[in-house]
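**Student:** Handing you this structure, nothing more for now.
Read-outs throughout are calculated quantities, based only on the coordinates presented, and are distinct from any laboratory measurement. If you're wondering where the values come from, they're calculated on a predicted model, not measured in any experiment. All Cβ positions, even for glycine, are placed from backbone atoms using ideal geometry, and neighbour counts span all protein chains on display.
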């Protein structure tokens, strides 16, 4: 019997820092638990100007130090994503507003959630964009995303069998 997959999309402004990091972190977590067959995981951007680019080298380096590999090619959010993905996790309020504007209807708009809502250790309302920051800012983003992805997976495990 084939397992029905759960489709998750992570979204940030440029799809070169935060969302590919979240994608990689969550992918590593589900793989480590033997749940890779249960998920389709992707990331996208609200700003199409980075389409086709690899992740930011500073984020790749920070992620690599933690054992994550970022190999995603940036792509914009598409209207078809609303039909495919079960949950669309955004990094900040601007991403939330931009993605909600793309939603074809109110029902699909409910798939859009702020990833910071899953944080338990870090009391944050958003995942800050580290692009113009220091290496410490990239590490801080990874801390937040690890917290959020841990709790996202825990919630999924509580409500689903795979």
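**Student:** Give the residues of the range 89-105 that are within 15 Å of the chain's Cα centre (by Cα) and either part of a loop (DSSP other than H, G, I, E, B) or more than 22 Å from residue 144 (Cα to Cα) (or both), sorted by residue number.
**Tutor:** Answer for the range 89-105, where residues must be within 15 Å of the chain's Cα centre (by Cα) and either part of a loop (DSSP other than H, G, I, E, B) or more than 22 Å from residue 144 (Cα to Cα) (or both): 91, 92.
**Student:** A further question on this structure: What is the one condition in (1) closer than 25 Å to residue 161 by Cβ; (2) within 14 Å of the chain's Cα centre (by Cα) that residue 36 does not satisfy?
**Tutor:** (2)
**Student:** Considering (1) in contact with a helix residue (DSSP H, G or I) (Cβ under 9 Å, 6 or more places away or on another chain); (2) surrounded by fewer than 19 Cβ atoms within 10 Å (Cβ to Cβ), say which one residue 88 fails and leave the rest.
**Tutor:** Against the list (1) in contact with a helix residue (DSSP H, G or I) (Cβ under 9 Å, 6 or more places away or on another chain); (2) surrounded by fewer than 19 Cβ atoms within 10 Å (Cβ to Cβ), residue 88 comes up short only on (2).
**Student:** Quick check on my filter: what residues within the range 1-50 are touching a residue at least 60 places away in the same chain (Cβ under 8 Å), surrounded by fewer than 21 Cβ atoms within 10 Å (Cβ to Cβ) and assigned to a loop (DSSP other than H, G, I, E, B)?
**Tutor:** 3, 33, 35, listed by residue number.
**Student:** Is there a residue being in a helix (DSSP H, G or I) and under 23 Å from residue 150 (Cβ atoms) anywhere in the range 66-88? Reasoning before the result, please.
**Tutor:** Our first condition is that a residue be in a helix (DSSP H, G or I); within the range 66-88, this holds for 81-84.
Cutting the leftovers down to under 23 Å from residue 150 (Cβ atoms) gives us none.
No, that holds for no residue.
**Student:** Could you tell me whether any residue of the range 115-129 is touching a residue at least 12 places away in the same chain (Cβ under 8 Å) and touching a strand residue (DSSP E or B) at 6+ places or on another chain (Cβ under 6 Å)?
**Tutor:** Within the range 115-129, one or more residues are touching a residue at least 12 places away in the same chain (Cβ under 8 Å) and touching a strand residue (DSSP E or B) at 6+ places or on another chain (Cβ under 6 Å).
**Student:** Name the residues in the range 93-114 that are touching a strand residue (DSSP E or B) at 6+ places or on another chain (Cβ under 6 Å) and surrounded by fewer than 17 Cβ atoms within 10 Å (Cβ to Cβ), would you?
**Tutor:** 100, 113 - these are the residues of the range 93-114 that are touching a strand residue (DSSP E or B) at 6+ places or on another chain (Cβ under 6 Å) and surrounded by fewer than 17 Cβ atoms within 10 Å (Cβ to Cβ).
**Student:** Just give me the residues in the range 56-75 being under 25 Å from residue 101 (Cβ atoms) and touching a residue at least 40 places away in the same chain (Cβ under 8 Å), in sequence order.
**Tutor:** Taking the range 56-75 first, the residues under 25 Å from residue 101 (Cβ atoms) are 72-75.
Of everything in the range 56-75, those that are under 25 Å from residue 101 (Cβ atoms) and touching a residue at least 40 places away in the same chain (Cβ under 8 Å) turn out to be 72, 74, 75.
**Student:** Please work out which residue is nearest to the chain's Cα centre (by Cα), limiting yourself to the range 122-138 and to residues that are crowded, with 16+ Cβ neighbours inside 10 Å and part of a helix (DSSP H, G or I).
**Tutor:** The extreme case among them is 138.
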